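Colleague: I am attaching a structure below and will ask some questions about it afterwards.
The values are calculated or read from the model by the stated rules, or taken from the named source; none is laboratory data. Here the structure is a predicted model, which is why all the values come from computation and not from measurement. No Cβ is skipped: glycine too gets one built from the backbone with ideal geometry, and neighbour counts run over all protein chains shown.
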């Protein structure tokens, strides 16, 4: 028994000693900042060989790295301007070449204009930048609408180009931009941006150079291609700066480079770019059917002007009858709009009125009465001609809003009414037989665009007998005291339009001051007399 007791005692002592030994071997501790991690050690394994299950699973190359979370600062959110700068690939480093310096100086002469354009870009810029990112295209292209249109979606050029990307009608159709009485895809921000980037990618694929692609966007691929071939035959360089191109295109790339440089280093030139959050501003929402735009604005809880800001493609007060049925809306308004729209029956999304045709009535007369257009009446009533018969009925679409003439061009004109000029007096002119915008502008010594803008019209709009026009006629005495006469020497590439824009006068005034006809040609070296404000 004693022997057995001794054996048990020895065994217990041995076991107790083993436990004490294990406890005394403290597991190594690794400090990771403010966090401590304990690694369990297998018996017989040295600390140099100790591995965790994580290390065994993922290999032997893992190192224990100190935890720096407590000392790492949070990176500020990148804004859209930072994304633009980070994506520049064409913007030249200093020193700038002379053509770019010249355009830079012109922009710097008028800082308010540049600030205005930058503000106009704010609703659209994130979308354009995101699309460029998806396609891995240079971010300078995001600023191309500054050169093309000043980021004005409703603007039309004298040649008929429209929208922020200034598509001509034919080119727009080639790239899938629908154009009809209800809608002009060239002004649609989403559709036109997609088309413009597709076009530029195609041109880049053709020329292999982004500056040449952008030049071809302005002048046409044929013209740029011919200029390249001409230089090749002459043994000259074929980069953009070496080509013989039209004056407008020659200035086009330098303008873009100048704008890009200003955005790249705004502080150096006193330009303030308000931070622009790096998040979507708008999104496309399906409506399922045609809808009155005034009603849509109410459902989205925004103003009609805000709706048109995001949907400049619509010509009238409603979306297209045949679709696509969609709207562009601010992202924060979309959920509420969807809820409101779902609760509204399709039949209540438009208002209609039946009109019984009377003897002697025409589509034009009826359209005028209801403040709509002949094309709208024909589309609504599926008429192939202008012929109508007395006694039959027409379905007249009516706006939910106060005015049923939400035709974009009229709306645009009204939004761009020119301010009353200084030192002028108001005159009401009653339109007489034979009056034209041109004749009246000359008679009152004002510009045609000034005259049409004061009256919420466009130069191509027709005048009606008895129509009342507001004219702000210059007060000759006061006006002459604030003007100075200068002699301007015409340079290669100049045009009357270009000169008038540079000195803030009208083409009509330049012609009148110099006795030029509408067909007069300008020659380099020729002198023009200009009367400009003394502050210029």
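Colleague: Please state which one of 313, 286 is over 30 Å from residue 97 (Cβ atoms) and surrounded by fewer than 20 Cβ atoms within 10 Å (Cβ to Cβ). Even if it seems obvious, please write down each step before you answer.
Modeller: On the way: 313 fails: surrounded by fewer than 20 Cβ atoms within 10 Å (Cβ to Cβ).
Only one candidate qualifies: 286.
Colleague: Quick one: residue 412 ticks every box in (1) assigned to a helix (DSSP H, G or I); (2) at pLDDT 65 or above bar one, so which box is it?
Modeller: Answer for residue 412: the failing condition is (2).
Colleague: Quick check on my filter: what residues within segment 161-179 are within 23 Å of residue 251 (Cβ to Cβ), over 10 Å from the mean Cα position of the chain (by Cα) and crowded, with 19+ Cβ neighbours inside 10 Å?
Modeller: Applying the first criterion (within 23 Å of residue 251 (Cβ to Cβ)) to segment 161-179 yields 161-168, 171.
Retained after the next criterion (residues that are over 10 Å from the mean Cα position of the chain (by Cα)): 161-162, 166-168, 171.
Listed by number, the residues that qualify are 162, 166, 167.
Colleague: Please enumerate the residues belonging to segment 348-365 that are under 30 Å from residue 299 (Cβ atoms) and not in a loop (DSSP other than H, G, I, E, B).
Modeller: Correct list: 348, 351, 352, 353, 354, 355.
Colleague: Quick one: in segment 511-520, of everything that is surrounded by 10 or more Cβ atoms within 10 Å (Cβ to Cβ) and more than 35 Å from the chain's Cα centre (by Cα), which residue is modelled with the lowest pLDDT? Give the steps one after another, and end with the answer.
Modeller: Restricting attention to segment 511-520, the residues satisfying the condition of being surrounded by 10 or more Cβ atoms within 10 Å (Cβ to Cβ) are 511-514, 516, 520.
Now drop any that are not more than 35 Å from the chain's Cα centre (by Cα), which leaves 512-514, 516, 520.
On the way: 512: 68, 513: 73, 514: 76, 516: 78, 520: 77.
Ranking the qualifying residues of segment 511-520, first place goes to 512.
Residue-wise test of (1) assigned to a loop (DSSP other than H, G, I, E, B); (2) at pLDDT 95 or above; (3) closer than 30 Å to residue 331 by Cα.
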| position | (1), (2), (3) |
| --- | --- |
| 196 | no, yes, yes |
| 204 | no, yes, no |
| 244 | yes, yes, no |
| 248 | no, no, no |
| 260 | no, yes, yes |
| 283 | no, yes, yes |
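Colleague: Check whether at least one residue in segment 334-351 is more than 30 Å from residue 223 (Cα to Cα), in contact (Cβ under 8 Å) with a residue 60 or more places away in the chain, touching a helix residue (DSSP H, G or I) at 6+ places or on another chain (Cβ under 9 Å) and crowded, with 19+ Cβ neighbours inside 10 Å, and report yes or no.
Modeller: Yes - at least one qualifying residue is present in segment 334-351.
Results for (1) in contact with a strand residue (DSSP E or B) (Cβ under 7 Å, 6 or more places away or on another chain); (2) at pLDDT 95 or above, shown as yes or no for each residue.
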| position | (1), (2) |
| --- | --- |
| 128 | no, yes |
| 157 | no, no |
| 161 | yes, no |
| 169 | yes, no |
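Colleague: Let me ask you something else. Would you check if there is a residue in segment 308-321 being part of a strand (DSSP E or B), in contact with a strand residue (DSSP E or B) (Cβ under 7 Å, 6 or more places away or on another chain) and farther than 19 Å from residue 88 by Cβ?
Modeller: Yes, some residue in segment 308-321 is part of a strand (DSSP E or B), in contact with a strand residue (DSSP E or B) (Cβ under 7 Å, 6 or more places away or on another chain) and farther than 19 Å from residue 88 by Cβ.
Colleague: Still on this model: Which members of segment 180-216 meet the condition of being without any contact (Cβ under 8 Å) to a residue 24 or more places away in the chain and within 19 Å of the chain's Cα centre (by Cα)?
Modeller: Matches in segment 180-216: 198 only.
Colleague: For segment 393-403, state whether one or more residues are closer than 30 Å to residue 354 by Cβ, surrounded by fewer than 15 Cβ atoms within 10 Å (Cβ to Cβ) and modelled with pLDDT under 75.
Modeller: As a first pass, look at segment 393-403 and keep what is closer than 30 Å to residue 354 by Cβ: 393-403.
Adding the requirement that they be surrounded by fewer than 15 Cβ atoms within 10 Å (Cβ to Cβ) leaves 393, 395, 402-403.
From what is left, the residues that are modelled with pLDDT under 75 are 402-403.
Yes, the conditions are met somewhere in segment 393-403.
Colleague: Checking the conditions here, which among 498, 491, 523 is at pLDDT 75 or above, surrounded by fewer than 18 Cβ atoms within 10 Å (Cβ to Cβ), out of contact with any helix residue (DSSP H, G or I) (no Cβ under 6 Å at 6 or more places or on another chain) and assigned to a helix (DSSP H, G or I)?
Modeller: Criteria check complete, one pass: 498.
Colleague: Looking at 238, 294, which is the one that is touching a helix residue (DSSP H, G or I) at 6+ places or on another chain (Cβ under 9 Å) and closer than 16 Å to residue 328 by Cα? If you could, list the steps in order and put the result at the bottom.
Modeller: Working: 238 fails: closer than 16 Å to residue 328 by Cα.
Selected residue: 294, the only one of 238, 294 that is touching a helix residue (DSSP H, G or I) at 6+ places or on another chain (Cβ under 9 Å) and closer than 16 Å to residue 328 by Cα.
Colleague: Taking segment 55-85, which residues are surrounded by 14 or more Cβ atoms within 10 Å (Cβ to Cβ), out of contact with any helix residue (DSSP H, G or I) (no Cβ under 9 Å at 6 or more places or on another chain) and modelled with pLDDT of 50 or more?
Modeller: 79, 82
Colleague: Is it fair to say residue 382 is at pLDDT below 85 and in a loop (DSSP other than H, G, I, E, B)?
Modeller: Spelling it out, it is not the case that residue 382 is at pLDDT below 85 and in a loop (DSSP other than H, G, I, E, B).
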